[in-house]
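Below is one structure, written out as structure tokens; the observations come after it.
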Amino acid sequence: MARKLRPEERELWKKVADTATPLAPPTKMEMPRALSVPKAEIKRPASVQPDLKAFKIGMKSRSIPPASRAQAAAKPAPVMDAKSFGKLTRGKLRPEGRIDLHGMTMAQAHPALQDFILGSAQLQRRLVLVITGKGKFKPDHGPIPERHGVLRHTVPIWLRQSPVSLVILEVTQAHQRHGGEGALYVYLRRGR
């Protein structure tokens with residue numbers, strides 16, 4: 001709590017204030033016309049009141065339960081049939097072809113991947129394995145974290161782009177026996 005000024009302090013302050021000259025004359029601040037809105041024009045939403053008269057002791061509320069966390073975090077439904085997708089994710093289907101992109105630069109890997117996918121579609125293969133590798137772990141000393149595994153993060157983007165996306169039905173992470181996080185299953189469309 002601030003203390004009150006004594007009469008002699010107030011008198012001294014008045015003398016100092018009378019001798020001071022202001023830097024600029026005081027101006028009245030006005031709000032721009034675009035921002036000023038009359039209070040009558042402001043519309044407030046009607047308050048939502050629950051219907052308490054219809055509710056009796058012992059009744060259950062009619063609220064809709066929120067979606068479960070599993071549904072919210074679930075991946076999109078596969079495009080291919082569920083039985084084949086289940087076999088695929090469990091590693092029961094055997095890839096008919098594979099490409100290993102280890103040690104390639106992005107400039108080398110992109111055309112090699114396109115040629116492999118389009119060539120596999122011409123050979124009417126259904127399942128191919130694309131090995132990207134997990135990437136090397138590097139010590140991170142900066143304030144912004146760096147991703148390791150450039151191909152691991154870029155190859156799925158390439159697989160969603162034309163012309164290879166036209167022949168692909170499904171892309172999913174490979175089972176542990178086929179490379180796990182460092183590989184992708186690419187399920188191709190049936191040739192017509």
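Table for the structure above
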{"quantity": "Selection within region 124-139 - surrounded by fewer than 16 Cβ atoms within 10 Å (Cβ to Cβ) and at pLDDT 80 or above", "calculated": "Gln124, Lys134"}
{"quantity": "Check on Gly142, closer than 26 Å to Arg94 by Cβ, surrounded by fewer than 17 Cβ atoms within 10 Å (Cβ to Cβ) and either over 21 Å from the mean Cα position of the chain (by Cα) or small (Gly, Ala, Ser) (or both)", "calculated": "no"}
{"quantity": "Test: residue in region 163-174 that is more than 23 Å from the chain's Cα centre (by Cα), among the charged types (D, E, K, R) and closer than 23 Å to Arg90 by Cα", "calculated": "no"}
{"quantity": "Matching residues, region 87-112, being of a type outside the set (A, V, I, L, M, F, W, C) and either part of a helix (DSSP H, G or I) or surrounded by 14 or more Cβ atoms within 10 Å (Cβ to Cβ) (or both)", "calculated": "Lys87, Thr89, Gly91, Pro95, Glu96, Gly97, Arg98, Asp100, Gln108, His110, Pro111"}
{"quantity": "Close pairs from region 89-105: first under 17 Å from Ala121 (Cα atoms), partner small (Gly, Ala, Ser) and assigned to a helix (DSSP H, G or I), Cβ under 6 Å, at least 6 apart", "calculated": "Gly97/Ser120"}
{"quantity": "Subset of region 136-169 (residues that are touching a strand residue (DSSP E or B) at 6+ places or on another chain (Cβ under 7 Å) and part of a loop (DSSP other than H, G, I, E, B))", "calculated": "Val167"}
{"quantity": "Condition met for Asp115 (modelled with pLDDT under 80 and acidic (Asp, Glu))", "calculated": "no"}
{"quantity": "Cβ-Cβ under 6 Å pairs, at least 6 apart or on other chains, region 122-140 side in contact (Cβ under 8 Å) with a residue 24 or more places away in the chain and within 19 Å of Val167 (Cβ to Cβ), far side of a type outside the set (Lys, Arg) and exposed (fewer than 14 other Cβ atoms within 10 Å of the Cβ)", "calculated": "Gln124/Gly191"}
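The values are calculated or read from the model by the stated rules, or taken from the named source; none is laboratory data. What you see is a predicted model; the values in this text were computed from it and never measured. Note that each Cβ is placed from the backbone with ideal geometry, even for glycine, and that neighbours are counted across all protein chains shown.
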